[in-house]
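Please treat every number below as a calculation from the coordinates, not as lab data. Note that the structure is a prediction, hence the values are computed from the model and not measured. No Cβ is skipped: glycine too gets one built from the backbone with ideal geometry, and neighbour counts run over all protein chains shown.
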Amino acid sequence: MPYLAPREPGQPDAWNAETVARGRRGSQRVVHAGEVSAPARVAELLGLAEGEDVVVRRRVMYLEGEPCELTDTYYPTSIARGTRLAGTAKIPGGAISLLAELGHVGTRAREEVTARMPDTEARDMLRLGRDEPVLLLQRVTLDREGRPIQADLMTMPAHRQRLRYEIEIG
């Protein structure tokens with residue numbers, strides 16, 4: 001839930017806040033940001049045509065200095081073109097807070113989690129052995145009108161993860 005809500009001014013992004021609350025050290029590195037052609041899966045999540053331009057932020061997340069997640073976050077260019085979302089600099093309060101500043105607030109998210117063996121690039125970046133599977137978490141965040149504002153594709157070493165969900169009904 002904290003990953004879907006904008007932060008108050010001056011608060012750290014959700015990843016850093018959560019790791020500090022658990023007495024751990026988390027960090028992230030943006031390895032690429034800018035416009036790309038939407039892969040089929042991303043186009044479907046964002047309700048766009050395959051190959052249509054989107055803005056992507058590709059990050060490696062670290063816990064205690066060890067890579068623990070690869071996250072590619074995609075935004076429609078109508079939302080992100082020319083904003084800090086299209087750059088590699090750290091965004092104070094995180095991207096969700098910037099989206100809110102830009103007038104795009106997520107009110108609903110859909111996630112899907114699957115498992116598989118990693119490709120060579122993911123295995124190398126996450127420092128995994130050949131027999132270690134990964135979890136793939138796919139999330140789309142929608143605004144009040146049901147329009148997709150963000151799509152995340154995350155790859156995580158299965159043995160280093162614990163997924164926890166809090167779902168409010170009613």
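Starting at the first residue of the stretch 47-59, write each ³J(HN,Hα) from the Karplus equation 6.51 cos²θ - 1.76 cosθ + 1.60 with θ = phi - 60°, in whole Hz, x for Gly and Pro.
Listing the rounded values in order: x, 10, 6, 4, x, 5, 5, 9, 9, 10, 10, 9, 10 Hz.
Give me the net charge of E35's neighbourhood, meaning all other residues with Cβ under 9 Å from the Cβ of E35; Lys, Arg count +1, Asp, Glu -1. Please list the in-between numbers first.
On the way: positive: R81; negative: D53.
Result for the local shell: 0.
With each label point set 7 Å from Cα along the Cα-Cβ vector, what nm distance links E52 and Y165?
Result for the modelled spin labels: 2.7 nm.
If you keep only loop residues by DSSP, which GluC sites (Glu not before Pro) in the stretch 33-83 have at most 12 other Cβ atoms within 10 Å of their Cβ?
Numbers: sites: E35, E44, E50, E52, E64, E69; in loops: E50, E52, E64.
Within the stretch 33-83, the qualifying GluC sites (Glu not before Pro) (loop, at most 12 other Cβ atoms within 10 Å) are E50, E64.
Between E132 and A115, with labels modelled 7 Å along Cα→Cβ, what's the label distance in nm to one decimal, could you check?
Each label point is offset 7 Å from its Cα along the Cβ direction, giving 1.5 nm.
Using r as the Cβ-Cβ distance of A86 and R25, and R0 as 25 Å, what FRET efficiency do you calculate, to the nearest 0.05?
Details: r = 28 Å, r/R0 = 1.12.
So the FRET efficiency works out to roughly 0.35.
What order do you get for 133-144, 148-159 when each peptide is scored by the mean count of other beta carbon atoms within 10 Å, highest first? It would help to have the intermediate numbers written out before the result.
On the way: 133-144: 18.1, 148-159: 20.3.
Sorting 133-144, 148-159 by mean packing, highest first, produces 148-159, 133-144.
Quick one: what are the phi-derived ³J(HN,Hα) couplings along the stretch 118-129, Karplus 6.51/-1.76/1.60 with θ = phi - 60°, whole Hz, x for glycine and proline?
Karplus-based 3J(HN,Hα) across the stretch 118-129 equals x, 6, 4, 4, 5, 4, 5, 5, 8, 6, 9, x Hz.
What does the charge add up to near T83, with Lys and Arg as +1, Asp and Glu as -1, over the other residues with Cβ less than 15 Å from its Cβ?
On the way: positive: R57, R81, R84, K90; negative: E35, D53, E101.
Taking every Cβ under 15 Å from that of T83, the sum is +1.
Please express the shape of the stretch 36-82 as an equivalent ellipsoid: the semi-axes are the square roots of 5 times the eigenvalues of the C-alpha gyration tensor, given largest first in whole angstrom. Numbers along the way, then the final one.
Numbers: eigenvalues 126, 27, 10 Å².
Working from the Cα gyration tensor, I get semi-axes of 25, 12, 7 Å.
Between V134, I149, V42, whose Cα lies farthest towards the positive end of the dipole of the stretch 22-170 when Lys and Arg beta carbons carry +1 and Asp and Glu beta carbons carry -1, centred on the Cα centre?
Among V134, I149, V42, the one farthest towards the positive end of the dipole of the stretch 22-170 is V134.
For the stretch 85-170, which GluC sites (Glu not before Pro) pass both filters: DSSP loop (anything but H, G, I, E, B) and at most 12 other C-beta atoms within 10 Å?
The qualifying sites are E145, E166, E168.
Mind checking the dipole of the chain: about its Cα centre, +1 per Lys or Arg Cβ, -1 per Asp or Glu Cβ, Debye to the nearest 20? Could the numbers behind the result be given before it?
Details: 24 positive and 25 negative charges, 92 e Å.
The dipole magnitude comes to about 440 debye.
Show that you can apply the helix-only estimate: for the chain, add -39,500 (n - 2.57) for every DSSP H stretch of four or more residues, divide by all residues, and state [θ] at 222 nm to the nearest 500. Could the numbers behind the result be given before it?
Working: 5 runs with 32 residues, N = 170.
After summing the helix terms and dividing by residue count, I get -4500 deg cm²/dmol.
Counting alpha carbon pairs within less than 8 Å and at least 6 residues apart, what relative contact order, in whole percent, applies to the stretch 14-160?
Numbers: 302 pairs, mean separation 32.8, N = 147.
Relative contact order here is 22 percent.
With the cut-off at 15 Å, report for the stretch 86-170 the share of all Cα pairs above it, as a whole percent.
Values: 2434 of 3570 pairs.
Of all Cα-Cα distances in the stretch 86-170, 68 percent exceed 15 Å.
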